[in-house]
Structures are given as C-alpha cells and as structure tokens.
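Everything on this sheet refers to the single structure shown next.
The values are calculated or read from the model by the stated rules, or taken from the named source; none is laboratory data. What you are looking at is a predicted structure, and each value in this text was computed from that prediction instead of being measured. Please note: Cβ atoms are built from the backbone with ideal geometry, for glycine as well, and neighbour counts cover all protein chains shown. Only protein heavy atoms, including side chains, enter the accessible area calculation; ligands, DNA and RNA are left aside. Shrake-Rupley method; radii C 1.70, N 1.55, O 1.52, S 1.80 Å.
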Amino acid sequence: MLKIKDLNVSINGKQILKNFNIEVNKGEVHAIMGPNGSGKSTLAAVIAGRDIFTVDSGEILYNGKDLLDMPPDLRAREGVFLGFQYPVEIPGVSMVNFMRTAINEKRKHFGLEPLTGAEFLKLMEEKKKVVDIQAKLTNRSVNEGFSGGEKKKNEIFQMAMLEPKLAILDETDSGLDIDALKVVANGVNALKKPDNATVVITHYQRLLDYIVPDFVHVLYEGRIVKSGTKELALELEEKGYEWIKNEVK
Amino acid sequence: MKELLIDLYNKNSELINNGSPLFVKELREKALEVFKQNGLPNTKTENWRQSDIQSRLEHEFAFNFVNQSKSLDVVDIFTCDVYDLDTFSVTMLNGWFVYQNAPITQLPDGTIIGSLSKAMEVYPEIIEKYLGKAADINKTGVTALNTAFMQDGLFVHVPDNVEVEKPIQIINIVDLKENTFLQPRHLIVVGKNSKLTVVHCDHSLVHNISFSNTVAEIFLEENSKYEHYKVQNMGKNSSLLTNLFIKQKEGSSLVTNALTLNGAFTKNYVDVGINGKNCNSELYGLYLVDSAQHVDNQVFVDHAEAESTSNQLYKGILDDESRAVFSGKVMVRKDSQKTQAYQNNKNILLTDDAKVFTQPHLEIYADDVKCSHGATVGQLDPNAMFYLHSRGLCEKTARQLLMYAFASEVVNAISIPALKESIDNMVQKRLRGELSICDQCLLHCNDRESPVFDIDLNKI
Ligand SMILES: Nc1ncnc2c1ncn2[C@@H]1O[C@H](COP(=O)(O)OP(=O)(O)OP(=O)(O)O)[C@@H](O)[C@H]1O
Ligand SMILES: [Mg+2]
C-alpha cells in the first residue's frame, strides 16, 4: 500500500529525512518511535503533502501511484489521512460545515451524490460515538477552544468520518488522559479493516498495549535505524534511546 | 467643481428652497458659505489622502432638484437582495423619497416615517430641533455641500418608550440615464427608552456614472437602542460617500455595520459623539472588493463623557488591484474616565497589487481608561489551508471557507436573525463571485453588460 524508497527531505537547506525507506502493506499496523526532532512529523507531513518541505530525492508510492505527484487534497480524497500532532484551530469554520464539505468532496471524487443534510447529521452522530464525543459540534469552530485531548479525539473523529485507507497518526496519544487514551485506541481499532493500514507515531509504549503494532521502527536522525516487532517497543521503554544511539555509532 | 457647485446652487436656489421653512433655507445658505471657504476635500486633506474624490467628479452631472418619482411602484423595477425581510420598507429613487402610499406615515405607536422634505413642512418644530445639529458643516467639505443642497431623504421619529418592532429598510436606488449627482439627507430620532433598527441598502441599476453624497443624522435619546446596517452593492461607475453622524445620550446603545460588497468608490464616514455616561457603541464594517474598487472607512468616536464603551471591528478582503483605507480615531477627553475603547482593523490581501492603508488611532487625555487598537494585513493562514487540504478540500473550496470564516465575524455581529441570514447569503454569493447588481434588476436597460466582480480565487 505504501512504499517509500530512499527518501531525502529538507527544509530551508537543512536535511531532515535521509535515505528513508519503509513498506506498509494492507492490514498492517506500524509504529514509528524515535527521539524528539528525529523527523517523525516531517515524514508524516511529507506523506500528506505539506509543501514547506522539499523532497530532494526518492519516491513515495501509494497503491502503485506516485504520491509526490498529487496535491495534498487529492491524496486525502484517495484515502490518505494525517492525524496532526498539533491540530490547527480554524475560527469561523464550523465543524459541521468543514466535515460536510470534506465528505462531499470525497464523494464527488468517487462519482457519488452528496449526502443530504439529514444523512450527514446521522453519519456524524454515529461517528461521534467512535471516540465518545458528547459535545454538540454544530456550533463549534474547527478545534477552536478544544482542550488538548479534545483536539486529538477530534482527529480520530474526522478519521472515522472519512474512512481513510492509510492513516498516519502523529502522536495522537500525547495529551490524552488514561481513559481517553483507551477510548481513542479503541476507536482506531474499531476503524481497522483488512484493506487499510495504520502508521502510529508515538513516544509511549503504553499506546501500543492498545493499538498492537505488527512492526515497530525506530527513527533516528532521519532514518530508520532499527525495526522489529512489538517487543522492540518494550525494550526501548526499558533502555531508552541511548541504547540505540550507541548502537548506531 | 467647487465653483460649478456654488453657481449651481445660486441658479437653482428657488427650486432647492421651494416649500422649505426659513430655518432650513438659512441652514443651507450658511453651509454654502462654509463650502465656499473649505471647498471639497482633496488628496492633501487630512483623512482624504488616499481617497481622491476630485478625479471622480471630473464628469458632467445631472442634478434633480424636483421630485420626479413621487408615486412609483418600485417593486416593478427592483427587488433588493435583502428585500424579503419583514420590514417597513421605503425607497429612495435618485435621491428622492418614493411616496408608496403617502409621503409620511404614522404608525399606531406614534412613530413617524416618511420623506424629510415633506416633514420639513409638516413637522418643522421637530426638524428645527435636530437638523444640522449632529452633522457639523465645518467638519468636512462634503458635509457642508450636502447641507447646502439637501432636499429629501428618510425622516424617522420614534417617540419615547416605543420599541419599533420591524426594522425600517431604506432602499436607495440610482436609476437614471444621465450621470447623476445625489445628495440624500436622512434624519432619525430615537426617543428615550425606545428602540429602532434601520437597514440601508444602496444599489445602482445602471452603469452610468453616479456620485452620491449622503448625510445621515441620528439622535439617540437617553437609554435608547439603535442599530444601523448599510448594505452597499453599487455599480462599477458609482461613487458613494456616506456620512453618518450620531449623537448619543446617556445609557444609549448603538450598533453600526457597513457592508461594502461592491462599488467603484466608497467612503463611509461614521462620527459618533458620546455625550452621556454608560453608552455603548459597536461599529462594524466588512468590505469585499476586487478589480479597481476603492473603499474607505473612516471612523471618529468622541468620548466626551465618562464610563462609556466603544468597539470598532472592520474587516476586509481585497483582490486584484483594489484599495482599502481604514482610519479610525478615538478621542477620550480629559474627564472621560473609565472609558473603554477598542479598535481593530483586519485585512486579507489576495494579490500583491491590492493595497491597504490602515491607521487606527487613539487620542487619550484621561488616565483611567482601557483602550487598545490593532491592525493586521495578511494572507490566508497557510496552516489552516493545509489542514483543510489534508481532509480533501480542494484549493478553491478551502479558500472560500477561510474567506467566509474571516468575514463571518462581522456578519455574526448582526443581531436580527433574518437579516443576518440574508447578509450571510449575500456574502457567500459575493465570495463565490455570484453577486452581481444585475441579478435583481427587472428593468431591461440597454446597458446590460454584466459587471464581473468576482474575487479570483486562483490568485491567492
Ligand atoms: N518548519 C520547519 N522549519 C525549520 N525546521 C523544521 C521545521 N519543521 C521541522 N523542522 C526541523 O526538522 C527536524 C525534525 O522535526 P520533526 O518535527 O519532524 O521531529 P519529530 O520527530 O516529529 O519530533 P517530536 O518528537 O518532538 O515531535 C527538527 O530538527 C525540526 O527542528
Ligand atoms: Mg513530531
């Protein structure tokens, strides 16, 4: 589903991803861990199509298509979803209007009729349950005035609405209390299907108790320096990154 | 132009003063003298530097000193976009009040609504008490000019303790085959503890050159509440000056909102005199301009008494080589303690050629006050754009959504739900490039070339 080959990415002349490689197949869950500043969010943003980063070389294939050739909105309509580490507040744009537009643009892309107001509201009520959102979203602007945890829940709510094929969740667990962490993790698991894939970026092994990964990768200084199964996360928790850093040297 | 106007007055003074009480004639002539002294503002005049009216006056204009449209059924020629509101609606055609049923109507609650020209004859004692008392002829040349030539406009008098339920909607239409110079004059008095809302729509139906210099005087008695909405949707050859003078007495509250959706040249001046404690003044503006459109909002709030609050919020989106000017001045006088005054002007420029001149300004002589001012000029937030893209919204949709979000802060300040919805629709239409002045025109004018006033979304 996702194949990244020898990817080199820089910003303002500073290289961040260095010959980065990964392959994610349908049905898999991958976890990416790594110290602050190692390039995790950069990777996520480049996959989603953020244009402030420069792709110097390499390729990203998504279901065989060249993702780098597609504008970010097209990637999204084709099923790529980024759960933001820092979700953006957009005052004046209501959650309802935002989601309805997003859903209908996606439907249009696949030649489907737009949802009626009633259909949409029904869908929204249904998907709110996935992450246990009680609040009425009707009068709320996108992320405005949401607490840190609510913003993260809102990301998974949007994922539930859009039903992506490839979801990249950038530190969706940070800022969540223990109960919310479970709710969010259960939400992600509930959205799991045999033909989609999830990449979770996290600092904490605890999340992986709930969202159990098939593979764990350690990103350090812009490249994957170690890959393994979920036991690798436990080992990291125990030994810290010094261990990896020493191994790399 | 100045000499020409003075000459015009002298030649037509019989017509202009026909039927007016003596004090009105005296006021006109006093104003003419002031105009002789001061003339029209030019680009060296304070607050007019960026807005050149002289060049907009370099045309031959027709003046209408006689009402030719007394009883026309306006619905036949025009429906305003905010028309289906449940309002008491009056129409001004080419500067003259249209007598739909009668020149003056008195509502069961005692409110008088009608033609100012007629009111001068019927209610001279009310007119004398207020006319010219807020609009200081020494302040600007255009106010003196309007005062010299004023003949007709809307007159509203709300007695004490009356809440006028329906908003009064005044539709100002320019529809003449010649280039037209108009000087409407409105007078509105809201009695103690009374409440009134006025919606003022400006339209041009033809693409001839028109120059409209409006003065409105509004008097808010103790504890009255008044809201004034201006919706401007003018043609590509129209110049519109509106001068709103408001005098507030103790405990009164004021809302003004100027929504400029189209217009070649627009200058809105709002002058608020706060002459009592516990007044509240909320002044809003929204301008959405493109091509070579020019919009200027000038605000002056004079906190002449203590313990009042004023708040200004003006927002604009500019495309192409359009221009916007904002100059907001707040004066807090020496004894006006515990004043709160806020000013904010925010702009989004969609092109490198669009320009904003913004100058919020506070002049404070009291020491126990809370005041702030700010201005921003920027583009749409790239982080928000990316967030929307990442959910599948295309470039055009994402931009429209953000522009609408930016504008909605001003639209949301509209307190009447029906009006808010109607303006909201107009703003959305405008942002999609679908609002044209010809849409509503039922006239079959020859000059039906459709003006293209759409904000080009691809240039952000
Ligand atoms: N917009 C930017 N401008 C300049 N440098 C940037 C920008 N974005 C990221 N970087 C740099 O790129 C490097 C990688 O950042 P990135 O956000 O990808 O790290 P991360 O692994 O997600 O870290 P964290 O765990 O703290 O979220 C850092 O050194 C960061 O300073
Ligand atoms: Mg990060």
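Miscellaneous remarks
- Overall, the ratio between the Cα radius of gyration of the stretch A:72-203 and 2.2 N^0.38 Å, rounded to two decimals, is 1.00.
- Calculation over all alpha carbon pairs of the stretch B:2-275 in 10 angstrom steps from 0 returns a P(r) of 7, 31, 39, 20, 3, 0 percent.
- Cα Rg, Dmax (largest Cα-Cα span) when computed across the stretch B:375-428, Å: 13.1, 36
- Sulfur and carbon atoms: percent of accessible area, chain B [1.4 Å]: 45 percent
- Within the stretch B:2-275, percent of DSSP bridges classed antiparallel, to nearest 5: 10 percent
- Alpha-carbon centroid distance for the pair the stretch B:178-204 / the stretch B:324-353, whole angstrom: 24 Å
- Cross-link partners of B:Lys429 among aspartates and glutamates (Cα-Cα below 16 Å; sequence separation of 8 or more within a chain): B:Asp81, B:Asp290, B:Asp319, B:Glu421, B:Asp439, B:Asp454, B:Asp456
- Whole-Hz Karplus values for the stretch B:271-279 come out as 10, 10, x, 8, 10, x, 6, 6, 8 Hz, taken residue by residue from phi with 6.51 cos²θ - 1.76 cosθ + 1.60 and θ = phi - 60°; glycine and proline positions read x.
- Loop-located trypsin sites (Lys or Arg not before Pro) in the stretch B:1-45 (DSSP state other than H, G, I, E, B) with a sparse environment of at most 11 neighbouring Cβ atoms within 10 Å: B:Lys44.
- In Å², nearest 10: area of B:Tyr284 left accessible to a 1.4 Å probe: 30 Å²
- Beta bridges per DSSP with both ends in the protein assembly as shown, % antiparallel, nearest 5: 20 percent
- Hydrophobic, long helices, defined as DSSP H runs whose alpha-carbon span along the helix axis is 15 Å or greater and whose mean Kyte-Doolittle value is at least -1.0, occur in chain B at B:2-17, B:22-38, B:395-411, B:417-431.
- Spatial extent of the stretch B:270-389: Rg and Dmax, with the Cα atoms as the point set, Å: 16.5, 53
- Separation of the stretch A:141-206 and the stretch A:1-29, taken as the distance between their Cα centroids, equals 21 angstrom.
- Counts of other chain beta carbons within 10 angstrom of each beta carbon in peptide B:402-410 average 3.
- With a threshold of 23 Å on the Cα-Cα distance, the over-threshold entries among A:Lys153/A:Lys182; A:Lys151/B:Lys315; A:Lys129/A:Lys193 are A:Lys151/B:Lys315.
- In the protein assembly as shown, the convex hull through the Cα atoms has an average projected area of 35.5 nm², a quarter of its surface area.
- Under 17 Å from B:Lys166, Cα to Cα: lysines that are on another chain or at least 8 residues apart: B:Lys195, B:Lys225, B:Lys230, B:Lys420
- Restricting the calculation to Cα atoms, the stretch A:193-249 yields a radius of gyration followed by a Dmax of 12.0, 40 Å.
- Between the amide H of B:Gly285 and those of B:Ala258, B:Leu313, B:Tyr314, B:Lys315, distances stay under 5 Å, these residues lying 5 or more places away or on another chain, with hydrogens modeled in the peptide plane.
- Extent along principal axes [Cα atoms of the stretch A:2-248; Å; largest to smallest]: 57, 40, 35
- With the biggest extent put first, the Cα atoms of the stretch B:187-288 measure 45, 23, 18 Å across the principal axes.
- The alpha-carbon atoms of the stretch B:82-218 define a convex hull whose volume equals 115 cubic angstrom per residue.
- Estimated from helices alone, the mean residue ellipticity of the protein assembly as shown at 222 nm is -8500 deg cm²/dmol (sum of -39500 (n - 2.57) over DSSP H runs with n ≥ 4, per residue).
- Relative contact order computed over chain A (Cα-Cα under 8 Å; 6+ residues apart), in percent: 28 percent
- Entries in B:Lys44/B:Lys177; B:Lys249/B:Lys334; A:Lys5/A:Lys108 that, when Cα-Cα distance is taken, lie over 27 Å: B:Lys44/B:Lys177; A:Lys5/A:Lys108
- Per residue accessible area in Å² of the protein assembly as shown, where ligands, DNA and RNA are left out and the probe is 1.4 Å: 40 Å²
- Peptide A:99-109 has a mean of 3 when you count, residue by residue, the C-beta atoms of other protein chains within 10 Å of its C-beta.
- For the peptides B:208-219, A:111-122, the ranking by packing is B:208-219, A:111-122, with the highest mean count of neighbouring Cβ atoms within 10 Å listed first.
- Table column - 3J(HN,Hα) (Hz), the stretch B:353-366, Karplus curve with 6.51, -1.76, 1.60, x for Gly and Pro: 8, 6, 9, 10, 10, 10, 8, x, 8, 10, 10, 10, 10, 9
- Radius of gyration (Cα atoms) of chain B, expressed as a multiple of 2.2 N^0.38 Å: 0.94.
- Inter-chain neighbour count for A:69-75: the average number of beta-carbon atoms from partner chains within 10 Å of each residue's beta-carbon is 5.
- When the inverse distances between all different Cα atoms of the stretch A:1-78 are averaged and flipped, the Kirkwood radius reads 12.9 angstrom.
- Using C-alpha pairs below 8 Å separated by at least 6 residues, the relative contact order for chain B is 11 percent.
- Label-point separation in nm, B:Glu363 to B:Val66, each point 7 Å along Cα→Cβ: 4.6 nm
- Residue ranges A:11-19, B:404-412, B:358-366 sort as B:404-412, B:358-366, A:11-19 when ordered by packing (mean number of other C-beta atoms within 10 Å per residue, highest first).
- Whichever lysines have a C-alpha closer than 18 Å to that of A:Lys3, once near sequence neighbours (fewer than 8 apart) are set aside: A:Lys18, A:Lys26, A:Lys40, A:Lys65, A:Lys165, A:Lys226
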